[in-house]
Amino acid sequence: MSDLCDLPDPAAAVASFDGPELCSLEAALAGGHLLAPCDLQAIKASGVTFATSAIERVVEERAQGDAQKALCLRDELADILGKDIAGLRPGTPDADRMKTALMEKGIWSQYLEVAIGPDPEIFTKAQPMSAVGCGAAIGIRPDSRWNNPEPEIVLAVSSSGTIVGATLGNDVNLRDFEGRSALLLGTAKDNNASCAIGPFIRLLDERFTIEDIRNAIVDLSIKGSEGFTYSGCCAMSDISRTPEALVSAVIGEHHDYPDGFMLFLGTMCIPVEDRSERGMGFAHREGDLVRIHSARLGALENFVTATNRAPRWHFGARALMKSLSARRLL
């Protein structure tokens, strides 16, 4: 996949291939799950790129990871921030003025800095080849009491920084850990089976362009074994930074990615409704079915398990080299 994304025209290269059908998608999924549609690419993510996620990150920070404190904070901050930062372009004079005004109100935050400041939040979500695909289990740490799925568009980017395609992703997140300290971001984000990407990369061509990514609508649904249901709809048009600007923040004169990278564009919606006890907000339970869908990208479906019960990740770079060598492909 890394080699494919580095071709001059990946979509044309794929269209030129022909061969027998190995099996139907239904048969493949009936037999288990799909692999994530990426291999050697780094898996990067951008954070706080939507007004909704900016408010929720400030809620987490002020609640210090305590879901019970979040309810009143959410209403208060939504009133103050919702109308102010929605539609505001980061790094502009208007954003600078808003920063000054918010600081005078005493509600400035490190999350607001990356939401409306000149530099976006870019972090490493997962190691190459560690993402799971459609139909696989996603992992939640069993000691987390406040967590959520994060539905996102994920870009496939070549080693030169060219956007060549897009897919869907679940940036599984532990809100109680990150809320206690932003320095626990790695603990909140990078765990066994905590990154899902799929079902496929849709390559850019004349029928699917960057404009389709900008205008994508993404639906999130969650079904619990006890009868709990959630559904939400999000629009990429609400993003505060363009996909190209986020890619430029990842790769450039200061940082190279010789194998290319996958880039999560930011959380589009976050479930906040109480699942059981009032004031405790949303948290996953074992067996939850999470479905992320967009009309032109398909659906990414995963079920929830604990990180210590998810299938272990053993196939790393050394295993890949040994496999290629044994097949005389290296």
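The values are calculated or read from the model by the stated rules, or taken from the named source; none is laboratory data. This is a predicted model, so every value here is computed, not measured. All Cβ positions, even for glycine, are placed from backbone atoms using ideal geometry, and neighbour counts span all protein chains on display. Surface areas here come from the heavy atoms of the whole protein model, side chains and all, with no ligands, DNA or RNA. Shrake-Rupley method; radii C 1.70, N 1.55, O 1.52, S 1.80 Å.
Annotations for the structure displayed:
- Hits in the stretch 112-160 - residues which are in contact with a helix residue (DSSP H, G or I) (Cβ under 9 Å, 6 or more places away or on another chain), of a type in the set (A, V, I, L, M) and assigned to a loop (DSSP other than H, G, I, E, B): 129
One line per residue, one yes/no per condition, for (1) farther than 27 Å from residue 255 by Cβ; (2) more than 25 Å from the chain's Cα centre (by Cα); (3) basic (Lys, Arg); (4) surrounded by fewer than 19 Cβ atoms within 10 Å (Cβ to Cβ):
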site	(1), (2), (3), (4)
5	no, no, no, no
59	yes, no, no, no
85	yes, no, no, no
90	no, no, no, no
93	yes, yes, no, yes
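- Elements of type helices (runs of 4 or more DSSP H) contained in the stretch 35-105, each with 1 or more residues being under 28 Å from residue 201 (Cβ atoms) and at pLDDT below 85: 51-63
- Among the residues of the stretch 224-254, those that are open to solvent by 90 Å² or more (accessible area, probe 1.4 Å) and outside any loop (DSSP other than H, G, I, E, B) comprise 229, 231, 233, 238.
- Of 29, 73, 34, all but one fail to be in contact with a strand residue (DSSP E or B) (Cβ under 8 Å, 6 or more places away or on another chain), surrounded by fewer than 21 Cβ atoms within 10 Å (Cβ to Cβ), more than 17 Å from residue 184 (Cα to Cα) and not small (Gly, Ala, Ser); the exception is 34.
- Residue list for the stretch 293-314, restricted to those being closer than 19 Å to residue 32 by Cβ and surrounded by 12 or more Cβ atoms within 10 Å (Cβ to Cβ): 298, 299, 300, 301, 302, 303, 304, 305, 309, 310, 311, 313
- For the stretch 174-188, a tally of residues being aliphatic (A, V, I, L, M), open to solvent by less than 40 Å² (accessible area, probe 1.4 Å) and either part of a helix (DSSP H, G or I) or within 11 Å of residue 111 (Cβ to Cβ) (or both) returns 3.
- Exactly one residue out of 170, 147, 191 is over 26 Å from residue 216 (Cβ atoms) and out of contact with any Asp or Glu (no Cβ under 6 Å at 6 or more places or on another chain): that is 191.
- Any hit, the stretch 208-223, residues being part of a loop (DSSP other than H, G, I, E, B) and among the charged types (D, E, K, R): no
- Of all residues in the stretch 138-164, those being touching a Pro at 6+ places or on another chain (Cβ under 7 Å) and either open to solvent by less than 10 Å² (accessible area, probe 1.4 Å) or of a type in the set (Ser, Thr, Tyr) (or both) number 3.
- Every pair of residues 6+ apart whose Cβ atoms lie under 6 Å, when the first sits in the stretch 15-41 and is under 30 Å from residue 258 (Cβ atoms) while the second is in a helix (DSSP H, G or I) and open to solvent by less than 90 Å² (accessible area, probe 1.4 Å): 39/2; 40/2; 41/2
- Among the numbered conditions (1) open to solvent by 60 Å² or more (accessible area, probe 1.4 Å); (2) in contact (Cβ under 8 Å) with a residue 60 or more places away in the chain; (3) under 24 Å from residue 272 (Cα atoms); (4) not polar (S, T, N, Q), the only one that residue 108 does not meet is (2).
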